[in-house]
1. May I ask you to list the residues in region 161-175 that are among the aliphatic types (A, V, I, L, M) and surrounded by fewer than 20 Cβ atoms within 10 Å (Cβ to Cβ)?
2. Cβ-Cβ under 6 Å, sequence separation 6+ or interchain: first residue in region 177-188 and under 12 Å from TYR203 (Cβ atoms), partner open to solvent by 10 Å² or more (accessible area, probe 1.4 Å) and in a helix (DSSP H, G or I). Which pairs?
3. For ARG250, all conditions in the list (1) basic (Lys, Arg); (2) surrounded by fewer than 15 Cβ atoms within 10 Å (Cβ to Cβ); (3) farther than 29 Å from PHE115 by Cα hold save one; what is the number of the exception?
4. Please go through region 204-225 and give me each residue that is under 12 Å from SER95 (Cα atoms) and open to solvent by less than 60 Å² (accessible area, probe 1.4 Å), ordered by number.
5. Take GLY282 and tell me if it is open to solvent by less than 20 Å² (accessible area, probe 1.4 Å) and either more than 29 Å from VAL206 (Cβ to Cβ) or over 24 Å from the mean Cα position of the chain (by Cα) (or both).
6. Answer yes if at least one residue in region 130-147 is part of a helix (DSSP H, G or I), charged (D, E, K, R), within 26 Å of VAL50 (Cα to Cα) and out of contact with any Phe, Trp or Tyr (no Cβ under 6 Å at 6 or more places or on another chain), and no otherwise.
7. Which residues, counting only those in region 57-70, are in contact (Cβ under 8 Å) with a residue 24 or more places away in the chain, open to solvent by 10 Å² or more (accessible area, probe 1.4 Å) and over 21 Å from LEU332 (Cβ atoms)?
8. Go through region 174-233 and give me each residue that's among the acidic types (Asp, Glu) and not in a loop (DSSP other than H, G, I, E, B).
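The values are calculated or read from the model by the stated rules, or taken from the named source; none is laboratory data. Computed from a predicted structure; not experimentally measured. With ideal geometry, Cβ positions are generated from the backbone for all residues, glycine too; neighbour counts draw on all protein chains shown. All accessible areas refer to the heavy atoms of the entire protein, side chains included, with ligands and DNA or RNA removed. Shrake-Rupley method; radii C 1.70, N 1.55, O 1.52, S 1.80 Å.
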Amino acid sequence: MADDRRVARRVRPHRASLRSVVLVGALALISLLALPSTALADETPKITSVTELSSRLVLLDVASPAMGRTMQVKVLLPADRSEPRGTLYLLDGNSGQIEENNWLAPANGDIVPFFADKNVNVVLPIGGTGTMYTDWQEDHPKFGRLKWETFLTKELPPLIDTRFATNGHNAIGGISMGAEAALILAQRSAGLYDAVAGYSGCYTTVGGFGKALTDLVVINGNARSEQMWGPAGSEAWQEHDIFANADKLRGTKVYLASGSGLPGPHETLDTPALGRVLVVGGVMELGSNLCTDQITQVLRDRGVDVTRSAQPVGTHGWPYWRDELVRSWPMLDSALSA
């Protein structure tokens with residue numbers, strides 16, 4: 001009996017330790033299961049699928065830890081892929097679609113024919129309308145978590161460079177809201193872009209006028225600009241002030257374009273919604289023209305290399321942005337091929 005008791009005493013602590021291990025393991029598992037799903041996800045950005053849409057156009061599904069979801073990006077490939085090529089990122093405007101990038105649409109950017117003989121990777125992010133392509137402090141009421149800057153400047157470029165064997169030279173451009181966003185991203189990502197192009201943007205975010213313009217952008221998604229950068233005048237707003245940070249574009253080639261707001265060759269009696277194009281598009285482009293003149297002068301005063309395309313006619317619309325893409329291409333091509 002004494003021997004049995006000694007055995008029992010030796011066994012009980014062993015059983016107790018097993019129960020403790022099992023209990024701790026169970027509690028650990030429960031705590032992990034209770035965490036948000038993103039905590040269990042791989043925190044490494046990656047391309048999860050590639051769909052060939054044509055011989056030159058592919059659709060990428062990109063797992064973005066910053067955005068907390070899979071992002072879709074289209075890439076138009078170079079005409080000649082026998083050697084590394086540069087990469088041009090093109091941002092949509094505030095009228096962009098959630099499921100597409102308007103640069104590709106035949107009725108809008110219609111870039112496929114233009115790039116048919118061009119040796120460049122054209123990256124087209126999808127779904128940035130109403131977001132300024134920036135990192136939001138709060139979740140967007142319609143789109144959820146928004147960390148566009150992190151996605152576009154930190155997560156996506158290394159994936160593009162690796163997947164498509166690029167030459168390491170990048171440029172970024174955008175229309176309207178996307179023009180403003182392109183300059184902000186270029187300022188805040190020193191060394192990432194060799195060139196930046198803004199087509200019909202308005203580049204002020206400070207003061208009553210700048211705040212009102214920013215509100216007009218984000219209201220497209222029923223959001224408030226305070227959800228994006230916090231209270232007006234805060235540090236985040238100052239950090240995104242293109243005028244105050246103009247010197248950060250030194251060393252980057254800049255192309256800025258706008259029309260006068262007056263009707264031109266693309267306005268005819270057959271133009272859909274001609275009245276709206278002439279009035280709304282004309283006023284918007286007049287404003288863009290004034291804004292572009294202002295930022296051009298500030299940038300040049302700070303020693304930035306700026307090419308200014310100021311056209312005597314042109315409303316705020318895709319026909320004129322297509323024209324400006326053609327005009328800006330020599331500058332962009334030289335930066336991407338350097």
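1. First, pick out the residues of region 161-175 that are among the aliphatic types (A, V, I, L, M): 165, 171-172, 175.
If the condition is that a residue be among the aliphatic types (A, V, I, L, M) and surrounded by fewer than 20 Cβ atoms within 10 Å (Cβ to Cβ), then ALA165 is the only one that fits.
2. Every condition considered, the pairs that remain are MET177/VAL217; GLN187/LYS248.
3. Evaluating ARG250 over (1) basic (Lys, Arg); (2) surrounded by fewer than 15 Cβ atoms within 10 Å (Cβ to Cβ); (3) farther than 29 Å from PHE115 by Cα leaves (3) as the failure.
4. VAL217, VAL218, GLY221
5. Values: open to solvent by less than 20 Å² (accessible area, probe 1.4 Å): yes; either more than 29 Å from VAL206 (Cβ to Cβ) or over 24 Å from the mean Cα position of the chain (by Cα) (or both): yes.
So GLY282 passes the test.
6. At the first step, the residues of region 130-147 found to be part of a helix (DSSP H, G or I) are none.
For region 130-147, residues part of a helix (DSSP H, G or I), charged (D, E, K, R), within 26 Å of VAL50 (Cα to Cα) and out of contact with any Phe, Trp or Tyr (no Cβ under 6 Å at 6 or more places or on another chain): absent.
7. If the condition is that a residue be in contact (Cβ under 8 Å) with a residue 24 or more places away in the chain, open to solvent by 10 Å² or more (accessible area, probe 1.4 Å) and over 21 Å from LEU332 (Cβ atoms), then PRO65, ALA66, GLY68, ARG69 are the ones that fit.
8. If the condition is that a residue be among the acidic types (Asp, Glu) and not in a loop (DSSP other than H, G, I, E, B), then GLU180, ASP215, GLU226 are the ones that fit.
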